[in-house]
């Protein structure tokens, strides 16, 4: 990705608000994981991304989920070695061991890549949605990355391919019928539109009110069998809380880089959308170059 999208000197914003060049994101990894197990997944995904969204959509859902989980967990692992305050490099790090332990299930799921864990029902441990995105020859306009630490979420736009991943939801967000996602699938998304789609999916992940439960059954010398229990459990209560306009508006402002007041009218609970025209028609932007989609200035 660094080579394909010329990211070496571009900067990523860290959880403490500071930035780091992408070229510094080298993550400690043993040789077997790096050159064998994870490399197999990297090769499959990189070939598909270069081939385009149809090839990515055709990939096995577990493979895509593992690839996105690897990126998310790897970046968190990197934060263990980065100082929270650069003026005090020997002080606390951005992330500590105890915080990382809260994401132990992500690490457990990643063992599927090493064939130490098997998903008995073949169910992907995440919702990964594939979107068509506008591409350009200008390398700096071809890539986007957005994430949330909790719940674990990330979205990556790579040329004509946009991927949105709700990690550890076991497909729950993907089972929702979300009208705006149907609109998004009719379009080649402009970067702002892709960020809106990411914010929408991230919002629904925050509304998931169940904690996934698992059974891990294993014997010596054989992979653990990871069995996921039904999210609904014994309750008839919906597994998602109702849509929250304020929470979504905050995510939309964060992901699109706009002020909250420009994307949300609190009095009417109206949230701006870049996906449609005012009459509700899907908005296909002709190109990335020279086209900025901005919410209206509040009156």
Please verify whether the range 63-80 includes one or more residues that are surrounded by 15 or more Cβ atoms within 10 Å (Cβ to Cβ), farther than 28 Å from residue 228 by Cβ, touching a helix residue (DSSP H, G or I) at 6+ places or on another chain (Cβ under 6 Å) and at pLDDT below 90. no
Kindly provide the set of residues from the range 242-270 that are in contact with a strand residue (DSSP E or B) (Cβ under 7 Å, 6 or more places away or on another chain) and under 15 Å from residue 204 (Cα atoms), ordered by number. 245, 248, 249, 252, 255
How many residues are surrounded by fewer than 18 Cβ atoms within 10 Å (Cβ to Cβ) and touching a helix residue (DSSP H, G or I) at 6+ places or on another chain (Cβ under 9 Å) if we restrict to the range 205-223? 3
Whether any residue in the range 129-145 is crowded, with 18+ Cβ neighbours inside 10 Å, closer than 28 Å to residue 237 by Cβ and out of contact with any strand residue (DSSP E or B) (no Cβ under 6 Å at 6 or more places or on another chain) is what I want to check. no
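Residue 160: closer than 30 Å to residue 5 by Cα and touching a strand residue (DSSP E or B) at 6+ places or on another chain (Cβ under 7 Å), yes or no? Can you show your working first?
On the way: closer than 30 Å to residue 5 by Cα: yes; touching a strand residue (DSSP E or B) at 6+ places or on another chain (Cβ under 7 Å): yes.
Yes.
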Out of the residues in the range 254-271 that are over 12 Å from residue 192 (Cβ atoms) and assigned to a loop (DSSP other than H, G, I, E, B), which is modelled with the highest pLDDT? 259
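The rows are residues; the columns are (1) over 17 Å from the mean Cα position of the chain (by Cα); (2) without any contact (Cβ under 8 Å) to a residue 24 or more places away in the chain; (3) under 20 Å from residue 146 (Cβ atoms); (4) assigned to a helix (DSSP H, G or I).
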position	(1), (2), (3), (4)
16	yes, no, yes, no
33	yes, no, no, yes
44	yes, yes, no, yes
54	yes, yes, no, yes
72	no, no, yes, yes
85	yes, no, no, no
98	yes, yes, no, yes
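Determine whether residue 115 is in a loop (DSSP other than H, G, I, E, B), under 30 Å from residue 182 (Cα atoms) and touching a residue at least 60 places away in the same chain (Cβ under 8 Å). Outline the logic, then answer.
Numbers: in a loop (DSSP other than H, G, I, E, B): yes; under 30 Å from residue 182 (Cα atoms): no; touching a residue at least 60 places away in the same chain (Cβ under 8 Å): yes.
The answer is no for residue 115.
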Keeping to the range 250-293, report how many residues are in contact (Cβ under 8 Å) with a residue 40 or more places away in the chain and surrounded by 11 or more Cβ atoms within 10 Å (Cβ to Cβ). 17
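The values are calculated or read from the model by the stated rules, or taken from the named source; none is laboratory data. All values reported here derive from a predicted model rather than from experimental measurement. Please note: Cβ atoms are built from the backbone with ideal geometry, for glycine as well, and neighbour counts cover all protein chains shown.
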